[in-house]
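Undergrad: Pasting a structure below so you can have a look.
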Amino acid sequence: MAIKTYKSISRDGKRIMTMDEFKQWLKKFDADNDGRISKEELRNAIYETGERFARWKSRRAIKSADADGNGFIDENEITNLVDFADKYLGVRVIYI
């Protein structure tokens, strides 16, 4: 289930996902099943979307979303990652 296959597209061209869909998509890339997303796991997720500069974007996403500075995105920091996805990945997450 890659992001680019979602059929809901906003008027500004961003793919629309619910928060649950976004979390499920991220969970698919949690290779070690620890419930957190590492920079490498996020890079794989960004790469699969077809986005360019996946390495740079994953570093920047971790830096902007990782509130506690442990190098991972955990459940409490997902909303920070949502903001990054809206700005840099062309994904709008809706809360329903």
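Undergrad: Keeping to pairs on different chains or 8 or more places apart, tell me how many lysine pairs in the chain have Cα atoms under 13 Å apart.
TA: Eligible lysine pairs with Cα atoms under 13 Å apart amount to 5.
Undergrad: Could you calculate the FRET efficiency of ILE94 with GLU48 from 1/(1 + (r/R0)^6), where r is the beta carbon distance between them and R0 is 22 Å, rounded to 0.05?
TA: 0.55
Undergrad: From the phi angles alone, apply the Karplus equation (6.51, -1.76, 1.60; θ = phi - 60°) to region 24-30 and give each ³J(HN,Hα) in whole Hz, x where the residue is Gly or Pro.
TA: For region 24-30, the Karplus curve yields 4, 4, 5, 4, 4, 9, 6 Hz.
Undergrad: Using Cα atoms only, what is the angle between the long axis of helix 39-48 and the major principal axis of the chain, expressed in degrees (0 to 90) to the nearest 10?
TA: Taking the Cα atoms of the chain, the angle to 39-48 is about 20 degrees.
Undergrad: Here's another thing I want to ask about it. Let me check against my output: what whole-number percent is the relative contact order of the chain, with C-alpha pairs under 8 Å and at least 6 apart? Could the numbers behind the result be given before it?
TA: On the way: 124 pairs, mean separation 30.0, N = 96.
The normalised contact order for the chain reaches 31 percent.
Undergrad: Could you tell me how many degrees, from 0 to 90 and to the nearest 10, lie between the Cα long axis of helix 54-65 and the main elongation axis, the longest principal axis, of the Cα atoms of the chain?
TA: In the chain, helix 54-65 runs at an angle near 70 degrees to the longest axis.
Undergrad: Could I ask something else about it? Quick check for me: using +1 on Lys/Arg Cβ and -1 on Asp/Glu Cβ, what's the dipole size of the chain about its Cα centre, in debye to the nearest 20?
TA: Approximately 640 debye in magnitude.
Undergrad: Hey, can you grab everything whose amide H is under 5 Å from the amide H of THR18? Only 5+ residues off in sequence or another chain; H modelled, so Pro and N-termini drop out.
TA: Result for THR18 returns ILE94.
Undergrad: Follow-up question, since we're still on this one. Could you work out which residue, out of ARG55, ARG11, ARG36, moves most in a Gaussian network model of the chain, that is, has the largest mean-square fluctuation with Cα springs under 10 Å?
TA: ARG11
Undergrad: Now, a different point. Would you kindly state how much longer the chain becomes between ASN76 and ASP30 on full extension, computed as 0.36 nm times their sequence separation minus their alpha carbon distance, in nm to one decimal?
TA: My answer for the length gained is 15.0 nm.
Undergrad: Right, something else. At q = 0.14, 0.25 Å⁻¹, what log₁₀ I(q)/I(0) does the chain have when each alpha carbon counts as one equal point scatterer in the Debye sum?
TA: -0.44, -1.54
Any read-out appearing in this document is the output of simple, stated calculations on the displayed coordinates, not a laboratory observation. Just so it is clear, the structure is predicted and the values come from calculations on it, not from any experiment. A quick note on method: Cβ atoms are made from the backbone with ideal geometry, for glycine too, and the neighbour counts reach across all protein chains shown.
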